[in-house]
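Taken together, the values in this text are just the output of simple stated rules run on the coordinates, not laboratory data. It should be emphasised that the depicted structure is a prediction, and the values quoted were computed from it without experimental measurement. As a convention, Cβ positions derive from the backbone with ideal geometry for all residues, glycine included, and neighbour counts pool all protein chains shown.
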Amino acid sequence: MGMGGIWTVMTAAALVCGLATGRGEAVAAAALEGASAGVELCLSMAGALCLWMGVMEVLRRAGAIRWLSRLLRPVLGRLYPDFAGDAAVMETISANVSANLLGLGNAATPLGLEAARRMSRRSPGVASDSLCMLVVCNTASIQLIPTTVAAVRAGAGSAAPFDILPAVWLASALSVTAGILAARLLARLWRD
């Protein structure tokens, strides 16, 4: 069952329970209030995401992504040894890593998809170890500036939306480390 099905079941259950307990008006009011709050949150997040996507585009046009690619090449070359010599693939991976470092969340996805598309050309129809590592690193990304989370916190009225930085740094570093170790272990076990 997909997420759409799960949400449909949950919504239907809430409506049935609300009607069964005589609180139909309260359920309707909560639905309208939630829809309004969702639109406000989306608009507040859109501003922050547009800002950082604009910054990424300026960095790309200024050649900073290439510079960042060279800077990250020693680390990324070890994570993606099959593509260490392919500048185009490494540049797209670097752009994805940069977007994740800025905490762009969903805005980093198109960059990750482009990197995956370029990586999959070598082995069509098969997820290579490097492609699996890209998925792991993209999913459990290290975030220096959690832009999306800060935008959600600011939209919800937080006075200090960035006071979560130490926790985000620790959690993201631990998740990436665990993901990389698991991907390496599974790649070795799968080959054996």
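Between R60 and A159, what FRET efficiency follows from the Cβ-Cβ distance if R0 is 35 Å, with the result rounded to 0.05? Numbers along the way, then the final one.
On the way: r = 34 Å, r/R0 = 0.97.
According to the calculation, E is roughly 0.55.
Treating the beta-carbon of each Lys and Arg as +1 and of each Asp and Glu as -1, no other charges, what is the dipole magnitude of the stretch 1-136 about its Cα centre, to the nearest 20 debye?
620
Can you give the angle from 0 to 90° between the axis of helix 87-101 and the longest principal axis of the chain, with both taken from C-alpha atoms, to the nearest 10?
40
Taking the chain as the reference, fit the longest principal axis to its C-alpha atoms, fit the long axis of helix 3-20 to the helix C-alpha atoms, and give the angle between the two in degrees, 0 to 90, nearest 10.
The answer is roughly 10 degrees.
Return one number: the angle in degrees, 0 to 90 and rounded to the nearest 10, between the long axis of the Cα atoms of helix 24-62 and the longest principal axis of the Cα atoms of the chain.
With both axes taken from Cα atoms, the answer is about 20 degrees.
With viscosity set to 1.567 mPa s at 4 °C, what whole-number translational diffusion coefficient in µm²/s follows for the stretch 1-113 from Stokes-Einstein and a Kirkwood radius over Cα pairs?
Values: Rh = 17.6 Å.
Roughly 74 µm²/s, to the nearest whole number.
Please compute the modelled spin-label separation between A46 and S123, points set 7 Å along Cα→Cβ, answer in nm with one decimal.
4.1
At 0.36 nm per residue, minus the direct Cα-Cα distance, what do W169 and I145 gain on full extension? Give it in nm, one decimal, please.
Working: separation 24, 0.36 × 24 = 8.64 nm, distance 0.87 nm.
Between W169 and I145, full extension yields 7.8 nm more.
When Lys and Arg each count +1 and Asp and Glu each count -1, what net charge do the other residues less than 9 Å away from A95, Cβ to Cβ, add up to?
On the way: positive: R60; negative: E91, E114.
Once positives and negatives cancel, what remains is -1.
Which ³J(HN,Hα) values in Hz, rounded to whole numbers, follow from the phi angles of the stretch 177-191 under the Karplus curve 6.51 cos²θ - 1.76 cosθ + 1.60, where θ = phi - 60° and Gly and Pro get x?
With coefficients 6.51, -1.76 and 1.60, one gets 4, 5, x, 5, 4, 5, 5, 5, 4, 5, 5, 6, 5, 5, 5 Hz.
Starting from the Cα-Cα distance between V16 and R78, subtract it from 0.36 nm times their residue separation and give me the gain in nm to one decimal.
Separation in residues times 0.36 nm, less the Cα-Cα distance, equals 16.9 nm.
Evaluate the relative contact order of the chain (contact order divided by residue number), counting alpha-carbon pairs under 8 angstrom at least 6 apart; express in whole percent. Before the final figure, lay out each step's value.
Details: 159 pairs, mean separation 36.7, N = 192.
This gives 19 percent for the chain.
What distance in nm separates the simple spin-label points at W67 and L32, each placed 7 Å from Cα in the Cβ direction?
Result: 5.4 nm between the two label points.
Could you give the Stokes-Einstein D for the stretch 126-165 in µm² per second, using the C-alpha Kirkwood radius, 25 °C, 0.890 mPa s?
Details: Rh = 12.0 Å.
Rounded to a whole number, D works out at 204 µm²/s.
Tell me the mean residue ellipticity at 222 nm calculated for the chain from its helices only (DSSP H runs of n ≥ 4, each -39500 (n - 2.57), averaged over every residue, nearest 500). Numbers along the way, then the final one.
Working: 8 runs with 147 residues, N = 192.
Per the formula, -26000 deg cm²/dmol.
Considering only A35, A12, G155, whose Cα is most displaced toward the positive end of the charge dipole of the chain, charges sitting on Cβ of Lys, Arg (+1) and Asp, Glu (-1)?
Of the listed residues, the answer is G155.
Please report the base-10 log of the normalised intensity I(q)/I(0) for the stretch 4-47, using a Debye sum with one equal scatterer per alpha carbon and no solvent, at each q in 0.29 (1/Å).
-0.95
So between T8 and E25, what do we pick up on full extension, going 0.36 nm a residue minus the alpha carbon distance? The partial results should precede the final answer.
Values: separation 17, 0.36 × 17 = 6.12 nm, distance 1.96 nm.
This chain segment gains 4.2 nm when fully extended.
Taking the Cα of V135, stepping 7 Å toward and past its beta carbon, and measuring to each backbone N in the stretch 48-92: which are under 19 Å?
79-83
Starting from the eigenvalues of the Cα gyration tensor, five times each then square-rooted, give me the equivalent ellipsoid semi-axes of the chain, largest first, whole Å. Write out the running numbers ahead of the final one.
Values: eigenvalues 283, 101, 48 Å².
Equivalent ellipsoid semi-axes, largest first: 38, 22, 15 Å.
Arranged from highest to lowest average of other beta-carbon atoms within 10 Å per residue, in what order do the peptides 127-140, 14-27 appear? Working shown, then result.
Numbers: 127-140: 18.6, 14-27: 11.9.
Packing proxy ranking, top to bottom: 127-140, 14-27.
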